[in-house]
1. Quick check on this structure: which one of ASP118, ASP161 is at pLDDT 75 or above and under 48 Å from the mean Cα position of the chain (by Cα)?
2. Being surrounded by fewer than 18 Cβ atoms within 10 Å (Cβ to Cβ) and not assigned by TED's automatic domain parsing to the domain that holds THR525 is true for just one of THR385, THR401. Which residue is that?
3. Of all residues in segment 206-223 being in a strand (DSSP E or B) and hydrophobic (A, V, I, L, M, F, W, C), which is modelled with the lowest pLDDT?
4. Only one of ALA91, ALA83 is modelled with pLDDT under 70, outside the structural domain of VAL190 (by TED's automatic domain parsing), in a helix (DSSP H, G or I) and within 28 Å of VAL175 (Cα to Cα). Can you tell me which?
5. Quick check on my filter: what residues within segment 327-364 are assigned to a loop (DSSP other than H, G, I, E, B) and β-branched (Val, Ile, Thr)?
6. Collect the residues in segment 523-571 that are farther than 30 Å from VAL397 by Cβ, surrounded by 11 or more Cβ atoms within 10 Å (Cβ to Cβ) and touching a residue at least 60 places away in the same chain (Cβ under 8 Å), keeping them in residue-number order.
7. Going through GLN170, GLN157, GLN200 one at a time, which residue ends up being in contact with an Asp or Glu (Cβ under 9 Å, 6 or more places away or on another chain), of a type in the set (S, T, N, Q) and not in a strand (DSSP E or B)?
8. Can you tell me which residue in segment 500-511 is modelled with the lowest pLDDT, limited to those that are crowded, with 21+ Cβ neighbours inside 10 Å and of a type in the set (A, V, I, L, M, F, W, C)?
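The values are calculated or read from the model by the stated rules, or taken from the named source; none is laboratory data. Everything numeric here is computed off the predicted structure, so don't read it as measured data. Here the Cβ positions follow ideal geometry from the backbone for every residue, glycine too, while neighbour counts run over all protein chains shown.
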Amino acid sequence: MPSESNVGGPADRPRGEVGLRKLLEANRTFDADVTAALPTQPLATVTRDGWSPAPAPAPAGPQPPTGSGTPQLAKRIGIAVGAVFAVGAAAYLADLALSIGEVPRGTVVAGVDIGGMDKAEANALLHDELGPRAERPLPVRIGDVQASLVPAVAGLQVNWDGTWDAVGDQPLNPVRRLISLFGTRDVQVVSTVDAAALDQQVAGFQVHDNPTVEGTVRFDNGRPVAVAPVPGRVLDTAAARTTITERWASSSELDLPVVAAPVAVRTEAVQAALRDIATPAISVLTPEQIARVLTFVPDGNGGLAPKIDNDAAIALLAPQLATSEVEPKDATFTVGAGKPTVVPAVVGNKVDWPKTLEKLPALLTATGNRTTEAVYQRIEPKLTTDAANALGITEMVGQFTTGGFSGPSGVNIRTVAAKVDGAVVKPGDTFSLNEFTGPRTAAEGYVESGIIDKGRPSTAVGGGISQFATTLYNAAYFAGMEDAGHTEHSYYISRYPAAREATVFDGAIDLAFRNNTATGIYIQTVATGSDITVRLWGTKTVDVESITGEKSKPTEPQEITLPKGKDCIASEGAPGFTISDTRVITDRKTGAQVSRHTRTVKYDPIPIVKCE
């Protein structure tokens with residue numbers, strides 16, 4: 001048992017006093033005035049009976065009179081409070097000094113405890129633990145479906161700087177420091193996100209959606225059958241992105257949120273549509289017809305509305321009403337005894353299907369008479385009889401004939417001539433051959449024949465049409481029509497007038513002229529087995545003269561050798577040259593010159609083609 005002479009030594013001094021003095025020694029910056037204010041006597045002594053308070057120190061000066069104990073007590077309390085504060089302050093400062101460079105106590109990042117560790121060691125530990133998690137498959141649950149994702153493939157990686165910002169530094173708040181001694185603080189990993197890759201991953205999870213089955217009525221072999229509505233379940237994509245981004249590094253499995261996909265049609269509405277619409281409808285249409293014409297769609301109020309497929313209904317009903325309709329026909333012209341006369345127009349009378357089919361839904365559910373009248377509409381022709389008479393088409397104003405064709409070319413020329421025959425060009429309008437005929441393909445009756453392709457003879461469907469274009473161009477030329485665009489052949493063809501001919505090609509090269517007269521123009525075509533004539537009828541006001549110049553600047557052909565076969569068409573070739581044509585237009589009544597225009601054309605030499 002230690003003797004009283006040893007009381008107050010380092011080993012036996014009360015723990016509070018020993019701890020206080022050790023802290024004061026560790027913290028050399030502590031205020032010296034606080035140290036001086038501490039009691040100089042031991043706070044307690046050890047006896048055979050245990051600890052006992054130390055005797056009060058003898059008064060240092062005059063004692064207050066009897067009855068002044070209260071001030072003395074207050075002074076002692078103040079000293080005690082100050083001592084406790086000093087102890088706490090010293091402990092706080094010492095703890096703060098000793099934890100410099102360490103991670104705040106109790107810190108756990110994605111399940112990895114790094115509290116109180118040196119930051120460099122903690123950083124290495126986090127890289128070892130969290131880094132590989134981005135490359136490992138992570139199980140995912142979507143409702144009752146199991147799936148997985150690889151975070152790195154989904155565009156997710158650890159943002160180390162952001163994560164350390166979230167961890168933070170040692171707290172200065174003494175309360176927080178005290179609390180950290182007894183608990184933990186979970187810190188979420190901050191991620192870098194490739195938005196496009198994450199969106200692709202989330203979209204991939206949507207294949208596991210259970211879409212809503214809407215209630216409806218369908219027809220099985222003409223028999224209406226009710227389809228009950230079934231609510232669905234779909235991925236909440238926005239919440240799923242958040243869950244994946246925030247929890248991929250800290251979870252062993254992700255449970256992605258789903259939302260219910262409600263039905264838009266009530267069960268009782270399906271039964272009502274079956275009873276009130278579908279069942280009565282089968283007595284109006286055949287089983288095959290009803291399945292094509294009638295379907296049901298949500299009405300937006302929980303019910304079902306019938307939907308009529310108008311195109312299907314028209315396809316069923318139009319043949320039955322075809323004989324009751326009258327097709328509209330434009331007024332046109334016919335030529336007899338050298339003079340055109342008007343062929344009256346026909347006013348059309350056609351079924352107005354939108355108005356007629358408006359009555360069909362009610363007709364399907366009617367219980368009595370289930371017939372209704374079709375609604376017709378009057379359709380005026382584009383060129384009425386009166387308008388045709390007012391065009392002033394009374395005489396021929398221009399014509400031209402070419403020949404020398406046969407075989408496939410003749411087929412194409414006669415086909416396009418039949419299409420153009422009867423065309424009417426109103427004053428001020430422009431006639432385009434390509435626009436008027438449309439595509440000239442096999443479907444329209446054209447066949448493969450000779451063309452000029454890149455300066456060499458070749459073949460294509462519609463070949464030979466250029467002869468009709470040349471004939472039409474010259475008829476318009478001598479009628480005084482305004483040239484609205486034409487292109488000559490690349491080399492000269494002897495059956496056409498030099499510098500006064502034209503070629504055409506679908507979608508690329510066109511022939512067009514503008515009716516620059518005050519009256520209409522009627523185009524008449526007459527084709528035989530070997531020639532084609534085009535006549536333009538209107539009111540003649542001008543005379544036209546063509547003056548052809550002399551050939552100049554001849555060029556010799558080159559020789560080309562090609563492999564034998566379909567693509568090789570032999571040719572003896574011909575020289576090229578330059579030539580001009582001048583059109584002079586004079587007023588028919590006065591003889592005065594209206595216009596004079598010269599066009600110069602350079603023809604390439606026709607190559608000598610040998611097939612070997």
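1. Working: ASP118 fails: under 48 Å from the mean Cα position of the chain (by Cα).
The match here is ASP161.
2. Working: THR401 fails: not assigned by TED's automatic domain parsing to the domain that holds THR525.
Criteria check complete, one pass: THR385.
3. Here is the first cut: in segment 206-223, the ones in a strand (DSSP E or B) are 210, 213, 216-220, 223.
Then drop every residue that is not hydrophobic (A, V, I, L, M, F, W, C), which leaves 213, 217, 219.
On the way: VAL213: 83, VAL217: 82, PHE219: 77.
Selected residue: PHE219.
4. Numbers: ALA83 fails: modelled with pLDDT under 70.
The match here is ALA91.
5. Initial filter on segment 327-364 (assigned to a loop (DSSP other than H, G, I, E, B)): 327-328, 330-331, 337-338, 344-345, 347, 352, 358-359.
VAL347 - this is the single residue of segment 327-364 that is assigned to a loop (DSSP other than H, G, I, E, B) and β-branched (Val, Ile, Thr).
6. ILE560, ASP567, ILE569, SER571
7. Numbers: GLN157 fails: not in a strand (DSSP E or B); GLN200 fails: in contact with an Asp or Glu (Cβ under 9 Å, 6 or more places away or on another chain).
After ruling out the rest, the residue left standing is GLN170.
8. Restricting to residues being crowded, with 21+ Cβ neighbours inside 10 Å and of a type in the set (A, V, I, L, M, F, W, C), the top hit is VAL504.
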